[in-house]
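The structure under discussion appears below in the form of structure tokens.
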Amino acid sequence: MANWLESLFAFLFKYRPAVFEKGDFAFGSPTSVIVLLIAGALVGVPAILTYAAVRGKSTRRDRWVLGALRGAAILLLVFCLFRPMLLLSAAVPQRNYVGVLIDDSRSMQIADVDAGDARPQTRADVVRHLVAGPDSAIRKALGDRFLVRYFRFSSGTQRIASADDVTFSGTSTRLGDAIEHARQELEAVPLSGLVLFTDGADNARTPLGDELLSLRARSVPVFTVGIGREKFDKDIEIRRVETARTALKGSALVADVLVRQRGYGGQKVPLVVEDEGRVIASQDVALPSDGDLAPVRVHVALNDAGARTLTFRIAAQPGEQVTQNNAQQALVVVRDRREKILYVEGEPRSEMTFIRRAVASDSNLQLVTLQRTAENKFLRLDVDNGEELAGGFPKTREELFKYRGIILGSVDASLFTREQLQMLTDFVGVRGGGLLLLGGRHAFGEGGYAGTPLAPVMPVVIAGEAVPDSLTLLADIKAELTPAGAANAATQVAATEDKSSARWKTMPPVTSVNYVRGLKPGAVVLLNGVVPDGGRADLPTEHVRHYEQPVLAYQRYGKGLSIALPVQDTYLWQMDPTTPVDDPTFVTFWRQLLRWLTSDVPNRVTISSQSDVAAVREPIALTAEVADSGFVMRNDAHVVAHLTAPSGATRDVPMEWAVDRDGEYRATFTPDEAGNYQIVAEATSANGARVASDSARDRASDAAYVRVNPAEEASREFVDAEMRGSLLQRISRETGGKFYTPSTVSSLPEDIALSKRGVTVVNQMDLWDMPFIFMMLVGLVCAEWAYRKKRGLV
């Protein structure tokens, strides 16, 4: 239908629509135009006025109608006398180049293109029909007008002899890299434009902005052809899995899984989590409405150490168009080491005893305790040797920064010097350690911490003046789980999220003597406490007025984590008369809390990769940070990345200092086999000595893992694989090109020829002899005669 209308337009107006869209209108010289206007006025005005002078049987309306018809005819004749023309810049045949880029990724194998009554065609079949094979009209038309250069692209871009050389087996789609590669290769020749045959399912990790700006600055238009459907009929996909990259052995991992579907809204399907083929978790998922994203929270227990590849999977459903996007993998490094935490307590109290008892049997936690028993006298528990903490609280950064977490109990700020308080601040902000602040008579504002260097680290706002007596009374607090708390591993005290939420509702109240004014702007509350006025939690709700106080809140401060627990007796969650003797809630809470406290604490040498998943022969960027024992960044270290391939083969990759950032070193390596690569960064000083000793407590090395999995990398091609028309339209719009679909692509060669790019010639095309103008002139004369005849004015 569209082609028929376009042919009719060309018959009536002599040229196709694209000619009028791209051309510039022009008339004769200004002098001839003025002469013709004067002549038209001298001839046309009297001719029109003849009707005004004639009366007879005509009415005023008749004279106006007849005058308008005659005037229109005369104006049309004058228009033809102007000899209007269309100035059209067209590409000189066989003098300009066109780059044709064909998406060679696996998403082009999706069969979602309607083929009438037959089975749907694959996107690859559509591309072959359009630009491959001897019968391709687009290929022939482009070859007749331009010098065509073909490229195929997926994770990389490669020049090919013809469109027949594509295989549609690439593992990723990188539109920006492909466009820039083709532009650079054709930069030295007259280029009329680039043509992009793709579904637009770009999964590169960088935005397209820079490439489009480069094309626009060089006046290179991109003509995009979208292949595929913008919406599937039936499909379930796991869009993304978000989880921690490292965890301590035995910890409960919380993974957020984003699920999207079309055609299965409201149904329940099982989501299964597998560890190396072994099912470790499963839960039913209620699918959202069509096109909506549903976050699903899954709790996974990690009991095996090492690099674990977790697979999150939803079984294929009947009628599903794409099944390759029903699973996603996540690499989690499970550490089996003992995290060392310093617990400083200012007075003997039961809270310390129960906390130590809760973590005593946890082989991955070491709670070193420093309890003040009298003036300048301390009790040391669970220290490594007789010298550790012999002089009380650490007095140097090197001594303090050996710990990965610090707990401050009911200890007055006066116990520390100002330098020690600043060290605590740097422990969080610079070293990246975890700080847990407990409630008590000498904690928070009651302990004199307002105005100290440690106050900004706290996630809560504390009182800066004397606390009123009414607020120093014992206040009962009933802990309530917040939405953020439901998503945090520290508050997961039961096997499932629902059971954990139900358990918190039945937990007995605890007490606090600390007045918290509010939260810092970036703080998050995990447990909120309802405090009745007067501290009577046993009174009916309607008899007292309540206000809220956070029970558990945290904030990120610098590189580290700060947690506030302004409660003095969490042991009541275990010792309350209503709590069963064998209830594990208190023990589970404290183990999870301390594991979270140390979960992201860095070593003195840290290494990370740009991505934890890659394809074979895909370059992987590595970044390491090196600090000394006081966590001052070192720029003079010799850093080497020791690589261990899945086969056991090893090699060393030197890392160079990044001049733009202190303590940062970079390198790149290319994996040549599939599986998990272990990467260990080791730093030595200029004289060859280790930057720090490599003991179990004091590391000068760090390990990371990269999963080289061609099958997984390929499966990402099918995530969000619907044809992205909006992205392709943006590319064409911002570069001066045009967007097409297979049904409209027939005009592509002509549109490129009229794009005014490359070597062009200006053609003057007369418009005065268009058949439409002749038909319109005859129509006006006939209309005047017919009207006069009908009105009896002949």
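When you go through (1) under 34 Å from the mean Cα position of the chain (by Cα); (2) open to solvent by less than 10 Å² (accessible area, probe 1.4 Å) one by one for S410, which number turns out not to apply?
Tallying (1) under 34 Å from the mean Cα position of the chain (by Cα); (2) open to solvent by less than 10 Å² (accessible area, probe 1.4 Å), S410 fails exactly one: (1).
Answer with yes or no whether V222 is in contact with a Leu (Cβ under 6 Å, 6 or more places away or on another chain), open to solvent by less than 60 Å² (accessible area, probe 1.4 Å) and over 23 Å from R707 (Cα atoms).
Yes, satisfied.
Hey, could you check segment 484-512 for residues that are in contact with a helix residue (DSSP H, G or I) (Cβ under 6 Å, 6 or more places away or on another chain) and crowded, with 22+ Cβ neighbours inside 10 Å and say which is nearest to G434 (Cα to Cα)?
A490
Assigned to a strand (DSSP E or B), in contact (Cβ under 8 Å) with a residue 24 or more places away in the chain and either in contact with a helix residue (DSSP H, G or I) (Cβ under 6 Å, 6 or more places away or on another chain) or surrounded by 17 or more Cβ atoms within 10 Å (Cβ to Cβ) (or both): does that describe A641?
So A641 passes the test.
Kindly establish whether R260 is in a strand (DSSP E or B), closer than 30 Å to L196 by Cα and either open to solvent by less than 50 Å² (accessible area, probe 1.4 Å) or not aliphatic (A, V, I, L, M) (or both).
For R260, the condition - in a strand (DSSP E or B), closer than 30 Å to L196 by Cα and either open to solvent by less than 50 Å² (accessible area, probe 1.4 Å) or not aliphatic (A, V, I, L, M) (or both) - is met.
Please list, ordered by residue number, the strands (runs of 3 or more DSSP E) wholly in segment 101-185 having 2 or more residues that are over 27 Å from L208 (Cα atoms).
By residue number, no strands (runs of 3 or more DSSP E) qualify.
Residue-by-condition table, conditions (1) of a type in the set (D, E); (2) crowded, with 17+ Cβ neighbours inside 10 Å:
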{"residue": "D235", "(1), (2)": "yes, yes"}
{"residue": "A247", "(1), (2)": "no, yes"}
{"residue": "D256", "(1), (2)": "yes, no"}
{"residue": "L271", "(1), (2)": "no, yes"}
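Considering each residue of segment 418-454, count those that are at pLDDT 95 or above and under 20 Å from A374 (Cα atoms), and give that number.
The total comes to 1.
Determine if segment 601-613 includes at least one residue that is without any contact (Cβ under 8 Å) to a residue 12 or more places away in the chain, basic (K, R) and over 20 Å from L331 (Cα atoms).
no
Can you name every residue in segment 93-108 that is surrounded by fewer than 17 Cβ atoms within 10 Å (Cβ to Cβ) and either modelled with pLDDT of 90 or more or touching a helix residue (DSSP H, G or I) at 6+ places or on another chain (Cβ under 9 Å) (or both)?
P93, Q94
Which residues, taken from segment 336-395, are small (G, A, S), part of a loop (DSSP other than H, G, I, E, B) and either closer than 27 Å to S599 by Cβ or in contact with a His (Cβ under 7 Å, 6 or more places away or on another chain) (or both)?
If the condition is that a residue be small (G, A, S), part of a loop (DSSP other than H, G, I, E, B) and either closer than 27 Å to S599 by Cβ or in contact with a His (Cβ under 7 Å, 6 or more places away or on another chain) (or both), then G346, A360, S361, S363 are the ones that fit.
Restricting to segment 547-567, what's the tally of residues that are touching a residue at least 24 places away in the same chain (Cβ under 8 Å) and open to solvent by 20 Å² or more (accessible area, probe 1.4 Å)?
Looking only at that region, the number is 5.
Could you list, in sequence order, all residues of segment 391-405 that are open to solvent by less than 70 Å² (accessible area, probe 1.4 Å) and either within 20 Å of E419 (Cβ to Cβ) or out of contact with any Ser or Thr (no Cβ under 9 Å at 6 or more places or on another chain) (or both)?
Correct list: G391, G392, F393, P394, T396, R397, E399, L400, F401, Y403.
In segment 337-387, how many are surrounded by 19 or more Cβ atoms within 10 Å (Cβ to Cβ), small (G, A, S) and within 45 Å of the chain's Cα centre (by Cα)?
Counting residues in segment 337-387 that are surrounded by 19 or more Cβ atoms within 10 Å (Cβ to Cβ), small (G, A, S) and within 45 Å of the chain's Cα centre (by Cα) gives 1.
Restricting attention to segment 193-240, and to residues there that are part of a loop (DSSP other than H, G, I, E, B) and β-branched (V, I, T), which single residue is modelled with the lowest pLDDT?
Per the stated criteria, the residue is T206.
In segment 470-481, is there at least one residue being free of Cβ contacts under 8 Å to residues at least 40 places away in the same chain, more than 24 Å from V298 (Cβ to Cβ), open to solvent by 20 Å² or more (accessible area, probe 1.4 Å) and assigned to a helix (DSSP H, G or I)?
yes
Step by step: first the residues of segment 619-633, then only those that are open to solvent by 30 Å² or more (accessible area, probe 1.4 Å) and touching a Ser or Thr at 6+ places or on another chain (Cβ under 8 Å), then the one that is nearest to G432 (Cα to Cα). Which residue is that?
The residue in question is E625.
Going through segment 286-331 one residue at a time, which ones are among the hydroxyl-bearing types (S, T, Y), without any contact (Cβ under 8 Å) to a residue 60 or more places away in the chain and open to solvent by less than 60 Å² (accessible area, probe 1.4 Å)?
T311
Can you confirm whether A307 is in a loop (DSSP other than H, G, I, E, B), among the hydrophobic types (A, V, I, L, M, F, W, C) and under 27 Å from R239 (Cα atoms)?
So A307 does not fit the description; no.
Only residues that are within 25 Å of T570 (Cβ to Cβ), touching a residue at least 40 places away in the same chain (Cβ under 8 Å) and part of a loop (DSSP other than H, G, I, E, B): list them for segment 397-450, please.
Y403, R404, G409, S410, V411, D412, G433, G439, G440, R441, H442, A443
Quick check on L253: is it more than 20 Å from the chain's Cα centre (by Cα), touching a residue at least 60 places away in the same chain (Cβ under 8 Å) and part of a strand (DSSP E or B)?
Judged against the criteria, L253 is a match.
Hey, among A627, A658, A674, which residue is at pLDDT below 95 and within 21 Å of R397 (Cβ to Cβ)?
Criteria check complete, one pass: A627.
The values are calculated or read from the model by the stated rules, or taken from the named source; none is laboratory data. Note that the structure is predicted; figures quoted are calculated from it, not measured. Because the Cβ atoms are built from the backbone with ideal geometry, glycine has one as well, and the counts that use them run over all protein chains shown. Heavy atoms of the whole protein, side chains included, go into the accessibility calculation; ligands, DNA and RNA do not. Shrake-Rupley method; radii C 1.70, N 1.55, O 1.52, S 1.80 Å.
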